[in-house]
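A.B. asks: Before anything else, here's the structure in question.
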Amino acid sequence: MWKGYRSICLIALAAGGVAIADAATRGAAAQNCSAMRKINIAVSVAPPNVVHTSPHVAKELGFFAKRCIEPNIIQFEGGASATASAAAAQGSAIVSVSDVAIGRGMKVQQFWGLAPRMPQAYMVSPDVKTAADLKGKKLSATGGGVGGFNWRMGREILRTAGLTVDDAHFISAATAGRLPGLLAGQIDGVALHPEDVYLAKKQKPALNVLVQLADLMPNYMFNAYGASLEWIARDRALLRDTAAAMIEANRAMFRDKANVMPIIEKATDKPRDAVEYAIDVLTKNCIWSINTGFDPARTQWSIDNSAENGDLEKDRKPTVEQVANIQLAKEAVEAAGGPVTIGNCKD
């Protein structure tokens, strides 16, 4: 018994020593900085969904501090909102930017793919069984209104039944109202993140998952951080190191769920069971990137899809190189220790 107890104590002491040493290393790294480099990092939802919490995890685990970065995490009402677009164009924050924004002339470029695949499911009211049943229904247009993410996803689902956006009623609202609106019957269809899918089914089991968006559009590029072209030219190192810190955070979310859970719970203000469910969905389905997050074929598909839908003028489509600075993303991966594979996830 004593040998077993002694072994347990030694393991516990070793684990504690690793944690203390890790914290000391992070602190020492920050203390050795001649100056902390400041950066505004935007998340597209207030409060953030689980998929958006990479900056929070990177901050709390010291991945920014050890690179002499002092992040200020700010929240916007949708990645396509006017304020988010202005912040990107003016170079006051790194934000999620799309091929559409770049194709319409915004002088920005993606430099790291946070989450290449869409994590959301399209949830609908109990009487909706097929996409055709959405005719005449009230659908969500949160996160930017017409042209925003929910509006675009609703349009895609309507198209599968030969319907157009004119066949449904799109309701604009704050992103925080997505789940409450569905539960209250104010809307009949909305794209929900995994944690909200879990909560929706828990509170109202009759709600239906009509389709997983990644199944509907498997090649759609979901979320990539971007910065102004001027910023990339002026301070490439800061952007590289910021992405490297978040790459480390994403890898920690795959490898150390217990350690990141409290951080994500606090950031999202969601219950533990919903957060745990979401992390499992995101890691199992390789939603978070662990390397660059970029695939030129995925970016090209997204550009072509935007042009086909009329979001971009076909004769003014941007190139993959104009949309994504894949070389900068590769530099960030190298700064994070080089490429890795975790399970089946490689992006």
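The values are calculated or read from the model by the stated rules, or taken from the named source; none is laboratory data. Just so you know, these numbers come straight off a predicted model, no measurement behind them. Neighbour counts are summed over all protein chains in view; Cβ atoms, including those assigned to glycine, are modelled from backbone coordinates with ideal geometry. Side chains are part of the model used for accessible areas, which takes the heavy atoms of the whole protein and leaves out ligands, DNA and RNA. Shrake-Rupley method; radii C 1.70, N 1.55, O 1.52, S 1.80 Å.
A.B. asks: Tell me the residue from Ala29, Ala35, Ala19 that is open to solvent by 30 Å² or more (accessible area, probe 1.4 Å) and modelled with pLDDT under 50, please.
C.D. replies: The unique qualifying residue is Ala19.
A.B. asks: Considering only residues of the range 300-347 that are part of a helix (DSSP H, G or I) and touching an Asp or Glu at 6+ places or on another chain (Cβ under 7 Å), which is most open to solvent (accessible area, probe 1.4 Å)?
C.D. replies: By that ranking, first place goes to Ala335.
A.B. asks: Please report, ordered by residue number, the strands (runs of 3 or more DSSP E) entirely within the range 162-264 with at least 3 residues that are surrounded by 20 or more Cβ atoms within 10 Å (Cβ to Cβ) and within 16 Å of the chain's Cα centre (by Cα).
C.D. replies: 223-228
Residues are listed down the side, and each one gets a yes or a no for (1) under 16 Å from Leu210 (Cα atoms); (2) buried (at least 22 other Cβ atoms within 10 Å of the Cβ):
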residue: Ile94; (1), (2): no, yes
residue: Asp99; (1), (2): no, yes
residue: Lys107; (1), (2): no, no
residue: Gln120; (1), (2): yes, yes
residue: Asp127; (1), (2): yes, no
residue: Lys135; (1), (2): yes, no
residue: Ser140; (1), (2): yes, yes
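A.B. asks: Any idea which of (1) over 21 Å from the mean Cα position of the chain (by Cα); (2) not in a strand (DSSP E or B) is the one Ile102 doesn't satisfy?
C.D. replies: Just one mismatch for Ile102, condition (1).
A.B. asks: Which of the residues belonging to the range 270-299 are open to solvent by 60 Å² or more (accessible area, probe 1.4 Å) and either modelled with pLDDT under 95 or among the hydroxyl-bearing types (Ser, Thr, Tyr) (or both)?
C.D. replies: Residue satisfying the conditions is Tyr277 alone.
A.B. asks: Of Asn285, Asn344, which residue is free of Cβ contacts under 8 Å to residues at least 60 places away in the same chain and farther than 25 Å from Arg104 by Cα?
C.D. replies: Asn344
A.B. asks: I would also like to ask the following. May I ask you to list the residues in the range 109-165 that are of a type in the set (Val, Ile, Thr) and within 27 Å of Ser228 (Cα to Cα)?
C.D. replies: Thr142, Val146
A.B. asks: Turning to a different aspect of this structure: Looking at the range 136-161, which of its residues are of a type in the set (A, V, I, L, M, F, W, C), closer than 17 Å to Leu192 by Cβ and in a loop (DSSP other than H, G, I, E, B)?
C.D. replies: If the condition is that a residue be of a type in the set (A, V, I, L, M, F, W, C), closer than 17 Å to Leu192 by Cβ and in a loop (DSSP other than H, G, I, E, B), then Ala141 is the only one that fits.
A.B. asks: Which one of the conditions (1) in a strand (DSSP E or B); (2) open to solvent by 30 Å² or more (accessible area, probe 1.4 Å); (3) modelled with pLDDT under 95; (4) not acidic (Asp, Glu) does Asn72 fail to meet, given that it meets all the rest?
C.D. replies: Every listed condition holds for Asn72 apart from (3).
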